[in-house]
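A.B. asks: Pasting a structure below so you can have a look.
The values are calculated or read from the model by the stated rules, or taken from the named source; none is laboratory data. Because the structure is a prediction, the values reported are computed rather than measured. Every residue, glycine among them, receives a Cβ derived from its backbone with ideal geometry; neighbour counts consider all protein chains shown. These accessible areas exclude ligands, DNA and RNA; they are computed on the full protein's heavy atoms, side chains included. Shrake-Rupley method; radii C 1.70, N 1.55, O 1.52, S 1.80 Å.
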Amino acid sequence: MLQGRGSVNKVTSLAAYFAVAMLESEQKHVSGQTEVHLRALSEVPKLMMRESHSVEVSKCIYNRLGWPARNGGLERTFIHWAQADSHVQAFCKISENRHTFARLRYVKEDGLPAFYSPDFLVRTEGAVFLAETKAQQQTMHPNVQRKLKAALAWCERINALTPEQRGGPPWHYVLLAENVVYEWQAKGARLAELLDYAKLRPLADASLQARLL
């Protein structure tokens, strides 16, 4: 049994090593011409959802947007808030299973590679936001923080492109704790205001992130 456990540990360690090496290789600077592939949400023509856990919207290419049947209250609040905010031009609940081109690579706490899909894509007049909503106790989980770093790096790469290549305004990542969402909404603030305030910059904004979480 001890030998078997040792073998499993060695395999896990090797997998973790190759996962980190794979991501590090992707982050190395490569000179040459950038090749940009534009993808559209409309590549997925329809999303299936329960009527009881969805609502009609007018700011999305889909007629309805839904939320998880279990513990989906925060995402439901976000959808209603975005729909009501006149400063939000368009938004969409990203489908983890259907919008596969919106998945980001990251390395989990155990060292294994994984994919991450943010909750929402939101466009205002001055920015595009990748927004993630989390319960307060989940925001500082190591894997959530690893996802945050992957999303920040992804937005950095997009913002390195010209406005024409990225389709206009800069991109930002926002990790919103549940209590912050409800506090700002209760004060009558706009969702667009919270997104702009809470947008994260490449790890230089750690103090702001700590205050928001």
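A.B. asks: How large is ³J(HN,Hα) for each residue in the range 68-75, as worked out from phi by the Karplus curve 6.51 cos²θ - 1.76 cosθ + 1.60 (θ = phi - 60°), to whole Hz, x for Gly and Pro?
C.D. replies: With coefficients 6.51, -1.76 and 1.60, one gets x, 5, 10, 6, x, x, 5, 5 Hz.
A.B. asks: Karplus couplings for the range 136-151 from phi (6.51 cos²θ - 1.76 cosθ + 1.60, θ = phi - 60°), rounded to Hz, Gly and Pro as x?
C.D. replies: 3, 6, 8, 5, 9, 4, x, 5, 5, 5, 5, 4, 4, 5, 5, 5
A.B. asks: Give a quick list of GluC sites (Glu not before Pro) in the range 111-182 that DSSP marks as loop, anything other than H, G, I, E or B, with at most 13 other Cβ atoms within 10 Å.
C.D. replies: GLU125
A.B. asks: Give the long-range amide H neighbours of GLY167: residues separated by 5 or more places, or on another chain, with amide H under 5 Å away, using H modelled in the peptide plane at 1.01 Å from N.
C.D. replies: HN-HN under 5 Å from GLY167: empty list.
A.B. asks: Could you go through the range 179-190 in sequence order and give the Karplus-derived ³J(HN,Hα) for each residue, using 6.51 cos²θ - 1.76 cosθ + 1.60 with θ = phi - 60°, rounded to whole Hz, and x for Gly and Pro?
C.D. replies: 5, 5, 4, 5, 5, 5, 5, 5, 7, x, 6, 7
A.B. asks: Hey, another quick one. Output the relative contact order of the range 29-154, whole-number percent, from Cα pairs under 8 angstrom with separation of 6+ residues.
C.D. replies: Across the range 29-154, relative contact order equals 17 percent.
A.B. asks: Send over a whole-number figure in Å² for the accessible area per residue of the range 48-177, probe 1.4 Å.
C.D. replies: Values: 6550 Å² over 130 residues.
The answer is 50 Å² per residue.
A.B. asks: With every protein chain in place, what's the accessible area of TRP154 (1.4 Å probe, Å², nearest 10)?
C.D. replies: Only protein atoms counted, so the area is about 70 Å².
A.B. asks: Express in nm, to one decimal, how much length is gained between SER42 and GLU125 on full extension, taking 0.36 nm for each residue of separation and deducting their alpha carbon distance.
C.D. replies: Stretched fully, the SER42-GLU125 segment lengthens by 27.8 nm.
A.B. asks: In addition: Based on DSSP, what percent of beta bridges with both residues in the range 49-189 are antiparallel, to the nearest 5?
C.D. replies: Bridges in the range 49-189 are about 70 percent antiparallel.
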